[in-house]
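Accompanying notes for the structure given below.
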Amino acid sequence: MLLWQTSQTINFAQGEFVMVPAFFVLAAMKFGGLSFPLAMALALVISLVVLGVLFKRLVVDPILPHGMLPLVISTIALAILMKESVKEFYAADAQPFPAAWATTNLEVAGAVVSVQNLVIIGVAVVAVVLLQWFLGGTKTGRQMQATAQNPTLARVLGIPVGRMVLYTFLINAALVALASFLVSPIYLAKFTNGETLGLVAFVAAIVGGFNQVRGAIAGGLLLGIVDNFVAAYWSAQYRAAIPLFLLIAVILWRPQGLFGRAEERTV
Amino acid sequence: MKKRGLSLILVALLVAAPFGLKPYGIYLLSLWAVMTIAAIGLNLTLGYAGQISLAQASFVGIGAYTAALLTTHGWPLAVAFGLAALLSFAVGWALGYPALRVAHHYLAFVTLSFGTLVFLILRNEEWLTKGVYGISGIPRPVILGWSTKAPLDFYFFCLGVLLVVSIGAWWLIHSPWGRAFTALRENPVRANSLGIDVRRYTLMAFALGSAVGGIAGVLYAPLVQFIEPTAFALGLSFNLLLMVIVGGSGRFYGPFLGAAVSVLLPEWLRFSEGLYLMVYAIFVMALLAFFPSGLLGLAERLWLRSSKSKA
Amino acid sequence: MKRSLVGLALAAGTMGAYAQQTVNMPIVIELSGAGAVSGTNFRDGAVLAIEEINAKGGILGRKINAPQSDTQSNPGTSRAQVQKAIDSDPYVILGPVFSGSVKVNMILCQQAEVPQITGAEAADITQTGNPYIFRTSFGQQMSMPKIANYIRDGLKAKTVAVLWVNNDFGKGGRDTFMKEMAARNIKVVSDISTESGQVDFAADVVKLKGANADAIFVYTNEEESARFLREARKQGIAKPLIGETTLLGQKVIDMAGSSANGAKGHVGLSADAPVPAVQAWKEKFVKRFGYVPDHNGIKGYTGVYAVKYATQKIGKFDRKALAKALHGMTITPQEEPGILMETTWDANGDIDRISFLAEVVDGKQKIVQTLPKLGNK
């Protein structure tokens, strides 16, 4: 559900990106007096601008020429900045977040299924299908994929690379906002939430394959299953280590990801 | 020549610094010395060999736990230094061996995972580390009859270790090895064609950096006199990384300056309260965007410009 | 660097002079990080008491000066901040709340012979023979037996599952709880460790359901408790959820919403206690700070008043005499209204006072029974 679309950027603040939109909603409701749906719409727009456009313009663009390493470190700093800002300007404690749907449980064939979970799964599936269609079925989408895989070649082929990269950032921003609205009612909105979420998103993306939407989803799914199984049947104390082992194993033996296509990388 | 003069002035300043300070000020200076050592280690890995590591805090932790466990059982701290350095070196080597097959951001993740793993082990293996309860009552060493129990004495002890580590690092960087490290960072392909065994040297830089981190940990334990796992979690690794970057990675004095910014600056900016970290984060991002060579790089450039305009 | 050193020295100098007319009581507390909610409550409770005391002329004619510093919920930082506080020649030090932090810096206070009034609850803090550490609420070795009795007598449970947070607070509570369960022949069928800051409790709840214990004991920090409650209700756990203040506090109830209804347990200290003095205090607090306090507010408030009362008893500002006097002292609301409830400190710095059995009903903590002081039994 947490997606990471490659744009040749590694973002250590991705978890914070998921954390922040929930606070945009809360702030819009608290200070702007907006109703919940309106606040969500506004937060989505703010997310697109701040986490999409501004992030690219102010953080990625000036640093990328210096190389990968400074960018990685810069996003670490960005994560600190976002956490501290939320803490300072909104609240240090966890905030309840309204759910956009019923929180009741349904009894389906003897098993208790919460509406919340159904909605999350439903929205995620729709988002994924849309994204797949966009990337694979439209011209812009295919151009974006080409850009992600080989910007130089893409430029030669006459694809407006700059715009494509911007689209990627916008899609990422929209997805994190969506994820934020989905998980916050359960996880509560708190400034430290990004730490946990970011790591999960990353591991999912790497395990699944960096350059594949399908891969990221499969990775996320696999991770969720493994995580729950370990917690339920093995050691909850070492639970946090398992996704990381998975990560290391994949990086060492199949750096292109379990579902990714092999791709030349500079090592 | 000029650099040596600068170093002497720096040493003199550091010796004079704690006089007139209350224990709190001396504690901060000692903490600075310890963090500088850890950052020097990371600087070897990151600055000279160009390998990003998010596990430096784990090596500090390994060192600190080694020191705490040994000294609370009556062993002298000198043994802890030796063992911690050896252990960190070995673990660094073992981690680096598979991890260095991948580069850049992948290495960041592998080391990050390792950092989390070390934290979990420190926390969960209670029989050894006392888990979340931590280890308290870590004694400060007595060296040849000189007790370092008082804050001022312990500061000089830290300073002494820092001096030894600095000289060691200085020597290493200017040895053929150090030059090989730099060649690796600048152009691994060329270094390879020049007959430098890339893999072995990178591994060496990584392991040495880890060992220095372990030494910093050995000092950390008796400084704080209480250790528990969360002190060595990811936060410290990030912090150390930022120190190296801010000071100027790949520059000898970078860690000194970076640690000063990270440890001492918050103290002077305390009036800004929670805003401090935000300012720091923005500062780091701006620095990376405009002066990726860190504060020292910035200073150098300013100095060059002013001397040029004078000429 | 030089200028700052002069600055530091100057600051230290003025502080010393200032201490002549006032009495210095630094508050070293969690104002940011994971402990920010508890720390802010404790701080505001203490500030409320200090303002009241100063408005009435202070202690023995001296006004209280209470500089605040933030530990960032980090034991290392707390050590530095307590060192700084000790450098300023304090009369007592208030805080911190986090047990891990207290364990780091209580040694410093002991060495400097400065009484430390803490909000921490971990069992081992008062068991190291430190004569300068004083609690403001029950330690775990006091509260766990009460919970254990409740599970045995109130719920008649034969089996129990434990879900705890793997930090020093949760681990300490869990270990003490396990001992009490063993002593009462109640079987612990599931023992689940969770992470501090964990957001997803789905797997843990699945495991709890599988264990099918008569009761579930939840011992995590406030925010995790709220997330757990939501997940537990989502998956439809029907067994009684038992906890301490960290499960039944108003803050948890606010965060968990309707999911908190039905949770029960023992609260050593509660801002919702059916004691008129506590209710009046709560009103004062809300008026002054604009939010509803939790039990940490009471800790800070009563801690300051205990110092005031004991100081007036000994008639001078003497740190050693204060520490000595507080041990074994009983303060009643008749003699000192600021203590809110009759409280006794024992030889270790542990306290004894009445406590409560509570249940969450319709989004409010409801006190169902008041348990007497242990000493009165």
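Here is a check on your reading of the model: is residue A:70 within 20 Å of residue A:96 (Cβ to Cβ) and either in a helix (DSSP H, G or I) or away from chain B (no Cβ under 14 Å) (or both)?
no
In this structure, is residue C:256 part of a helix (DSSP H, G or I) and surrounded by 24 or more Cβ atoms within 10 Å (Cβ to Cβ)?
yes
Just give me the residues in region C:227-243 being surrounded by fewer than 24 Cβ atoms within 10 Å (Cβ to Cβ) and of a type in the set (Phe, Trp, Tyr), in sequence order.
none
Does region C:261-273 contain any residue that is at positive phi, surrounded by fewer than 19 Cβ atoms within 10 Å (Cβ to Cβ) and at pLDDT 90 or above?
The answer is no, given that none of the residues of region C:261-273 is at positive phi, surrounded by fewer than 19 Cβ atoms within 10 Å (Cβ to Cβ) and at pLDDT 90 or above.
Is it true that some residue in region C:148-155 is closer than 25 Å to residue C:369 by Cβ, in contact with a strand residue (DSSP E or B) (Cβ under 8 Å, 6 or more places away or on another chain) and at the interface with another protein chain (Cβ under 10 Å from one of its Cβ atoms)? Steps first, please.
Start the filter on region C:148-155 by keeping residues that are closer than 25 Å to residue C:369 by Cβ, which leaves C:148-155.
If we keep only those that are in contact with a strand residue (DSSP E or B) (Cβ under 8 Å, 6 or more places away or on another chain) as well, we get C:150-151, C:154-155.
Filter again for at the interface with another protein chain (Cβ under 10 Å from one of its Cβ atoms), leaving none.
For region C:148-155, residues closer than 25 Å to residue C:369 by Cβ, in contact with a strand residue (DSSP E or B) (Cβ under 8 Å, 6 or more places away or on another chain) and at the interface with another protein chain (Cβ under 10 Å from one of its Cβ atoms): absent.
Would you check which residues across region A:56-67 are more than 7 Å from chain B (Cβ to nearest Cβ) and either in a helix (DSSP H, G or I) or touching a residue at least 60 places away in the same chain (Cβ under 8 Å) (or both) and list them?
Once the filter is applied, which keeps residues that are more than 7 Å from chain B (Cβ to nearest Cβ) and either in a helix (DSSP H, G or I) or touching a residue at least 60 places away in the same chain (Cβ under 8 Å) (or both), region A:56-67 yields A:56, A:57, A:58, A:60, A:61, A:64, A:65.
Which residues, taken from region C:101-121, are more than 13 Å from every other protein chain (Cβ to nearest Cβ), polar (S, T, N, Q) and over 17 Å from residue C:167 (Cβ atoms)?
Passing the criteria: only C:116.
Taking residue C:328 and the conditions (1) more than 18 Å from the chain's Cα centre (by Cα); (2) on the phi < 0 side of the Ramachandran plot, which numbered condition does it fall short on, given that it satisfies the others?
The number of the failed condition is (2).
Are there any pairs with C-beta distances below 6 angstrom linking a residue in region B:265-278 that is more than 21 Å from residue A:78 (Cα to Cα) to a residue that is modelled with pLDDT under 60, with the two at least 6 apart or on different chains, and if so which?
Correct list of pairs: B:268/C:4.
Select from region C:69-98 the residues that are among the small types (Gly, Ala, Ser) and more than 9 Å from chain B (Cβ to nearest Cβ) and write down the one among them that is surrounded by the most Cβ atoms within 10 Å (Cβ to Cβ). Let's see the steps before the verdict.
Kept after step one, since they are among the small types (Gly, Ala, Ser), are these residues of region C:69-98: C:69, C:73, C:76, C:78, C:80, C:85, C:88, C:95.
Filter once more, keeping what is more than 9 Å from chain B (Cβ to nearest Cβ): C:73, C:78, C:95.
Values: C:73: 24, C:78: 28, C:95: 34.
Among those residues, the one meeting the criterion is C:95.
Let me confirm something: among B:283, B:252, which residue is surrounded by fewer than 24 Cβ atoms within 10 Å (Cβ to Cβ), in a helix (DSSP H, G or I) and out of contact with any Gly (no Cβ under 7 Å at 6 or more places or on another chain)?
Just one listed residue meets the conditions, B:283.
Which ones in region C:169-215 are of a type in the set (A, V, I, L, M, F, W, C), away from every other protein chain (no Cβ under 14 Å) and either closer than 28 Å to residue C:101 by Cα or touching a Gly at 6+ places or on another chain (Cβ under 9 Å) (or both)?
Within region C:169-215, C:177 is the sole residue that qualifies.
Do we have any residue at all in region C:357-373 that's in contact (Cβ under 8 Å) with a residue 60 or more places away in the chain, within 17 Å of residue C:115 (Cα to Cα) and touching a strand residue (DSSP E or B) at 6+ places or on another chain (Cβ under 8 Å)?
No: zero hits.
Please tell me if residue C:162 is within 22 Å of residue C:268 (Cα to Cα), among the aliphatic types (A, V, I, L, M), free of Cβ contacts under 8 Å to residues at least 60 places away in the same chain and not in a helix (DSSP H, G or I).
It is true that residue C:162 is within 22 Å of residue C:268 (Cα to Cα), among the aliphatic types (A, V, I, L, M), free of Cβ contacts under 8 Å to residues at least 60 places away in the same chain and not in a helix (DSSP H, G or I).
Among the helices (runs of 4 or more DSSP H) lying completely within region B:1-98, list those that include at least 3 residues that are away from chain C (no Cβ under 14 Å) and under 12 Å from the mean Cα position of the chain (by Cα).
It comes to B:23-43, B:56-72.
Quick test of your reading of the structure: residue A:23 fulfils all but one of (1) away from chain B (no Cβ under 14 Å); (2) modelled with pLDDT under 75. Name the failing condition by number.
So the condition that residue A:23 fails would be (2).
I'm told residue C:251 meets every condition in (1) more than 14 Å from every other protein chain (Cβ to nearest Cβ); (2) in contact (Cβ under 8 Å) with a residue 40 or more places away in the chain except one. Can you identify the failing condition by its number?
(1)
Quick one: which of B:46, B:14, B:28 is in contact with an Asp or Glu (Cβ under 8 Å, 6 or more places away or on another chain), at pLDDT below 90 and surrounded by 16 or more Cβ atoms within 10 Å (Cβ to Cβ)? Write out each step before concluding.
Details: B:46 fails: in contact with an Asp or Glu (Cβ under 8 Å, 6 or more places away or on another chain); B:14 fails: in contact with an Asp or Glu (Cβ under 8 Å, 6 or more places away or on another chain).
Answer to the check: B:28.
For residue B:138, work out the one condition from (1) away from chain A (no Cβ under 14 Å); (2) surrounded by fewer than 18 Cβ atoms within 10 Å (Cβ to Cβ); (3) not basic (Lys, Arg) it doesn't fulfil.
All conditions pass for residue B:138, except number (2).
Among the residues of region C:65-111 satisfying the criterion of being of a type in the set (Val, Ile, Thr) and within 27 Å of residue C:53 (Cα to Cα), which is farthest from the chain's Cα centre (by Cα)?
It comes out as C:86.
Restricting attention to region C:315-352, which residues are in contact (Cβ under 8 Å) with a residue 40 or more places away in the chain, closer than 20 Å to residue C:140 by Cα and of a type outside the set (Phe, Trp, Tyr)?
C:327, C:341, C:343, C:348, C:349, C:350, C:351, C:352
The values are calculated or read from the model by the stated rules, or taken from the named source; none is laboratory data. Computed from a prediction, not measured in an experiment: that's the story for all the values here. Methodologically, a virtual Cβ is constructed for each residue, glycine included, from the backbone with ideal geometry; neighbour enumeration extends over all protein chains shown.
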